[in-house]
Amino acid sequence: GGNNAGHTVVVDGKEYDFHLFPSGIINPKAISFIGNGVVIHLPGLFEEAEKNEKKGLKDWEKRLIISDRAHIVFDFHQAVDGLQEVQRQAQEGKNIGTTKKGIGPTYSSKAARTGLRICDLLSDFDEFSSRFKNLAQQYKSMFPTLEIDVEGQLKKLKGYAEKIRPMVRDGVYFMYEALHGSPKKILVEGANAALLDIDFGTYPFVTSSNCTVGGVCTGLGVPPQHVGDVYGVVKAYTTRVGIGAFPTEQINEIGDLLQSRGHEWGVTTGRKRRCGWLDLVILKYAHMINGFTALALTKLDILDVLDEIKIGVAYKLGGKRIPYFPANQEILQKVEVEYETMPGWKTDTTGARKWEDLPPKAQNYIRCVENHVGVPVKWVGVGKSRESMIQLF
């Protein structure tokens, strides 16, 4: 995606917020690579660098590589994102709930073949400038209220071009070398979630990129035969930020409790996340698309105080179970969730470091998820820090 997604990473008691940076940027031994599938807002990249430098992130520019085929998010894309949301609200009475980071408009430019890429910025600047002016003009004719300081923008972009030049490589060649050179571990981090994927998510309340496993091939230029293990990361309950269907949502004290105990705020927008019971229909659907080899079940500790815990195991339409996840939003709003209820463990799990440390009722909860989805849980998260992770195999 772009700097619409936010990941909070806690290392040695320090909390970092990443949007464009791969989370691996903290690791001094790892090379971080931003692929061609990402849309890059350059001011956002340097702002993020500055914030994290204050928290102790060092030498990031020596470890970051940027694909020359990545598209650029311009400030006017961000302005248009805001204007489109206002338009949707006025015309349809509801918006999509975008982060207003210009992501949708940039992918629109990319699909319309009018977008500009990092390679264009670093090549002939006069040619880049004239294409930039054309694109700006297109948007101004669509949105008459839009004001764009073309010369000011170009001046800034020229400055960014020199700052990023040492980091930019041909991404396809870079990945080919990485895959065929000396053996190394390659971890791919996707943004957002399966249900926000442009093709498979709860359209139109989705992001504009592919955040399912297919993004590994298209977003990096990695052939499918190189994709090894696929790990699904899922909370012990379900959350959603922004609008869109959410069958297991709890608009009650349970939802409030999950929200406050789980500190469920959007990392990018600061919006409250909507919370509900774990939805295994969604998890199975995500598995159908991604083919998980194992799951990481996080935030189990948030459920520690509950008397009873429910798991959504099936959807019903007109009293009948349906075996698929409905594509249509109106239908999805109508589904009835079938729950399995389990007793809560009412024990603090934050100190657990191995399977045996977990109360039997918590173990049952995890086994129940595994049995329904048919995928083993490899990690269980019981806190924010790296240490708060139980590895099962």
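Annotations
- Separation of the Val267 and Glu53 label points, Cα + 7 Å toward Cβ, nm: 2.1
- Region 169-208: C-alpha gyration tensor shape, a/c 1.5 cut-off, then a/b vs b/c: prolate
- Cα centroid of region 250-285 to Cα centroid of region 5-62, whole Å: 25
- Membrane-span-like helices of the chain, defined as complete DSSP H segments with a Cα extent of 24 Å or more along the helix axis and a mean Kyte hydropathy of at least -1.0, are identified as 125-142.
- Over the chain, DSSP H runs of length four or greater, each weighted -39,500 (n - 2.57), average out per residue to a 222 nm ellipticity of -10500 deg cm²/dmol.
- 17 Å Cα-Cα reach of Lys133 towards aspartates and glutamates, excluding residues that sit fewer than 8 places from it in its own chain: Asp75, Asp120, Asp124, Glu147, Asp149, Glu151
- Accessible-area value, Leu358, 1.4 Å probe, nucleic acids and ligands omitted, Å²: 10
- Between Lys316 and Leu392, the C-beta separation translates, for a Förster distance of 25 Å, into a calculated FRET efficiency of about 0.15.
- For region 96-230: rounded, prolate or oblate by the Cα gyration tensor [a/c cutoff 1.5]: oblate
- Each Cα pair under 8 Å and six or more residues apart adds its separation to the average, and for the chain the resulting relative contact order is 14 percent.
- In region 1-187, Cα pairs under 8 Å separated by at least six residues give a relative contact order of 20 percent.
- Once the Cα-Cα distance is subtracted from the 0.36 nm per residue extended length, the Ala30 to Asn364 segment shows a gain of 116.6 nm.
- Spin-label proximity, Glu336 to region 293-313 - amide N less than 15 Å from point 7 Å beyond Cα toward beta carbon: 313
- Net charge, Asn252 excluded, C-beta distance under 13 Å - Lys, Arg +1, Asp, Glu -1: -1
- The figure for Asp149 is an accessible area of roughly 100 square angstrom, using a 1.4 Å probe on the protein chains alone.
- Accessible surface of Met142, taken over heavy atoms with a 1.4 Å probe and every protein chain present, rounds to 110 Å².
- Taking other residues whose beta carbon is less than 12 angstrom from the beta carbon of Gly215, and scoring Lys, Arg as +1 and Asp, Glu as -1, yields -3.
- Size of region 1-110 from its Cα atoms: along the principal axes, largest to smallest, the extents are 50, 32, 17 Å.
- Each other residue within a Cβ distance under 12 Å of His77 adds +1 if Lys or Arg and -1 if Asp or Glu, for a net charge of +1.
- Taking Arg321, Arg63, Arg240 in turn, the Gaussian network model of the chain (Cα-Cα springs below 10 Å) assigns the largest fluctuation to Arg321.
- Entries in Lys94/Lys334; Lys29/Lys101; Lys51/Lys299; Lys54/Lys272 that, when Cα-Cα distance is taken, lie over 21 Å: Lys29/Lys101; Lys51/Lys299; Lys54/Lys272
- In order through region 309-318: 3J(HN,Hα) via Karplus (6.51 cos²θ - 1.76 cosθ + 1.60), integer Hz, x for Gly, Pro: 10, 10, 10, x, 10, 7, 10, 10, 10, x
- Here is the size of region 1-187 from its Cα atoms: Rg then Dmax, 17.7, 56 Å.
- Virtual paramagnetic centre 7 Å along Cα→Cβ of Val233, amide N under 20 Å, in region 157-195: 185-195
- Label separation (Asp199 vs Ala111): 1.3 nm, computed from points 7 Å beyond Cα along the C-beta direction.
- Contour minus Cα-Cα distance for Val150 and Gln329 (0.36 nm per residue): 60.5 nm
- Virtual paramagnetic centre 7 Å along Cα→Cβ of Glu189, amide N under 15 Å, in region 249-277: 267-268
- Stretching the chain fully between Met288 and Asp126 yields a gain of 53.6 nm (0.36 nm per residue, less the alpha carbon separation).
- Most to least accessible of Glu48, Glu147, Glu387 (protein chains only, probe 1.4 Å): Glu147, Glu387, Glu48
- The fraction of Cα-Cα pairs per 10 angstrom bin, counted from 0 for region 229-391, comes to 10, 39, 39, 12, 1 percent, rounded to whole percents.
- For region 284-330, convex hull volume per residue from C-alpha positions, Å³: 138
- Measuring nothing but how far apart in sequence close Cα pairs (under 8 Å, 6+ apart) lie, relative to its length, region 229-391 scores a relative contact order of 25 percent.
- Convex hull volume of the C-alpha atoms in the chain, normalised per residue: 151 Å³.
The values are calculated or read from the model by the stated rules, or taken from the named source; none is laboratory data. In this text the structure is predicted, and so the values were computed from the model without any measurement. Backbone-built Cβ (ideal geometry, glycine too); neighbour counts: all protein chains shown. With ligands, DNA and RNA removed, areas are computed over all heavy atoms of the protein, side chains included. Shrake-Rupley method; radii C 1.70, N 1.55, O 1.52, S 1.80 Å.
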